[in-house]
Amino acid sequence: MKKYILSLLAGTFMTSALPANAKTLVTYFTLTGNTEKAAKIIQEETSADIYQIELVTPYPSEYREQTELAKQQLKDNVLPEIKPLPANIDEYDVVFVGSPVWWGTMSTPVRTFLASGALKGKTVFPFVTHGGGGASNSFSDTAELCKDCNVDQDGWSGYEGLTFGLKKWAKNSLEKTAKNEE
């Protein structure tokens, strides 16, 4: 009974620590499904809304063509056109931004999203999935691309579809936001 009451009180405290009007959004781009898997776990853990970043002109379906095009876009600093953002994006205070890591940084569709200015004044928590190279410059590049955002560079990084520590990181990120609001 004591454990139940303590967990109930702890849950009430955690929920009330966030500003009453704070809204959270999870955004992500995925090609293989790994980043989408992570995004959905964050959404469930934070009760956030979710939005998938999509290209106007999708990448080729053949892997080698995909990687060659993406590599060239990064080299040439091309920001590919993405589909329209949610009309209510201004309503969100906290945004988790997910991306696969491409050659040491965020994918080009996420770079387009970050550079759009849509996240101005928002708290941004980046998370990435990778094939073995780690987060590399992804978090610092997020801060550089999203200049008018409050980017937390202690992002989460996961190898392929593994999600160790993701729920705890998402929860801690929101708690960090709540403490900054006080």
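Observations on the structure shown:
- The chain: angle of helix 34-46 to the longest principal axis, Cα-based, in degrees nearest 10: 20 degrees
- Size of electric dipole in region 43-182: Cβ of Lys, Arg +1 and of Asp, Glu -1, about Cα centre, debye, nearest 20: 260 debye
- Based on C-alpha pairs under 8 angstrom that are at least 6 apart in sequence, the chain has a relative contact order of 24 percent.
- Cα-based helix-to-principal-axis angle, 166-181 vs the chain, degrees rounded to 10: 70 degrees
- Considering only alpha-carbon pairs that sit under 8 angstrom and 6 or more positions apart, the relative contact order computed for region 99-168 is 36 percent.
- Ellipticity estimate at 222 nm from DSSP helix runs (n ≥ 4, -39,500 (n - 2.57)) divided over the chain, nearest 500: -12500 deg cm²/dmol
- Under-5 Å amide H pairs with residue 158, H placed in peptide plane, nonlocal only: 128, 129, 130
- Cβ crowding within 10 Å averaged over residues, with 118-128, 165-175 ranked highest first: 118-128, 165-175
- With θ taken as phi - 60° and the Karplus curve 6.51 cos²θ - 1.76 cosθ + 1.60 applied, the whole-hertz 3J(HN,Hα) list for region 94-109 is 10, 10, 8, 10, x, 7, x, 8, 10, 6, x, 8, 5, 4, 5, x Hz, x standing for glycine and proline.
- Kirkwood hydrodynamic radius of the chain, from the reciprocal of the average inverse Cα-Cα distance over all distinct pairs: 16.9 Å.
Since every read-out is calculated from the coordinates, none of them should be taken as a lab result. Keep in mind it's a predicted model, so treat the numbers as computed, not measured. Heads up, the Cβs are rebuilt from the backbone with ideal geometry, glycines too, and the neighbour counts pull from every protein chain shown.
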